[in-house]
Amino acid sequence: MPFEISGTANVFEGALQVEVVADTQSGHVYCTHHVQATSGTGTPGTWRTEMAFAFPQYAEADAPVVIRAFNLSARDGSVENVVERRVLVTSEKPRIIVTSPGCSEDVSMSSLLTVTGLALVFEAQLQVDVRDAGGAQLITTGALASSGTELSPWSTTLDLSGLPGAGIYQLVAYNHSAEDGSIENEFAVPIVVGP
């Protein structure tokens, strides 16, 4: 965790959704990503996305989940072309976790966004960005975990009023390598920003 999911699709305008849901009767949706394939509407295309979410407070044992990919009908919005795969999500905790906001959570541009999580990174320092669909960094701020020697809480606040408009953005927490300054331990969750 985080983990990459990829595949092929031949769906209307190449637009599909990918979900990770509980492999139980509850079918709880942990995370949903809107994904764009390289082509569609008669021509198969490839797609990929990376899922990251605060999986039930990181249970101590591996847990089965279902990865579900599908598209919505252009005619009536119904779910079509569902493909499911059952996998085990490891209980191994990543070095950075965003616990709030959750994956695909609705947030408002008109109020400050509090972002919380857990981290075990060099000198307890990390960065939090809001990025657009192309990966461009639109907002960035620093955060400091309460400890640099164990997975510990962190929190920061972002002012979203400077975003270019409503839409789906990526909230990305990461740190810089002490060795060479490169970005590492990225944990990205989509957020749905409204007015």
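Quick note: the coordinates plus some simple rules give every number you see, no bench work behind them. Since the structure is predicted, the reported quantities are computational estimates derived from the model, not experimental observations. Cβ placement follows ideal geometry from the backbone for every residue including glycine, while neighbour counts extend to all protein chains displayed.
If only the Cβ of Lys and Arg carry +1 and only the Cβ of Asp and Glu carry -1, the dipole of the chain around its Cα centre is close to 360 debye.
Return, ordered by residue number, the residues of segment 1-40 whose backbone nitrogen is under 14 Å from a label point located 7 Å along Cα→Cβ of VAL87. Label zone hits: 1-8, 18-23, 30-33. Placing pseudo-labels 7 Å out from each Cα toward the beta carbon at GLU105 and THR8 gives an inter-label distance of 3.8 nm. The amide H of SER39, built 1.01 Å from its N in the peptide plane, has GLY45, THR46 as neighbours under 5 Å, considering only residues 5 or more places off or on other chains.
Once the chain from GLU50 to LEU72 is taken as fully extended at 0.36 nm per residue, the excess over their C-alpha distance is 5.9 nm.
Are there GluC sites (Glu not before Pro) in segment 31-126 that DSSP marks as loop and that have at most 10 other Cβ atoms within 10 Å, and which are they? Answer in residue order: GLU60, GLU92. Between VAL172, VAL82, VAL20, where does the largest GNM mean-square fluctuation fall for the chain, given springs only between Cα atoms within less than 10 Å? Evaluated over the chain, the most mobile residue of the options is VAL82.
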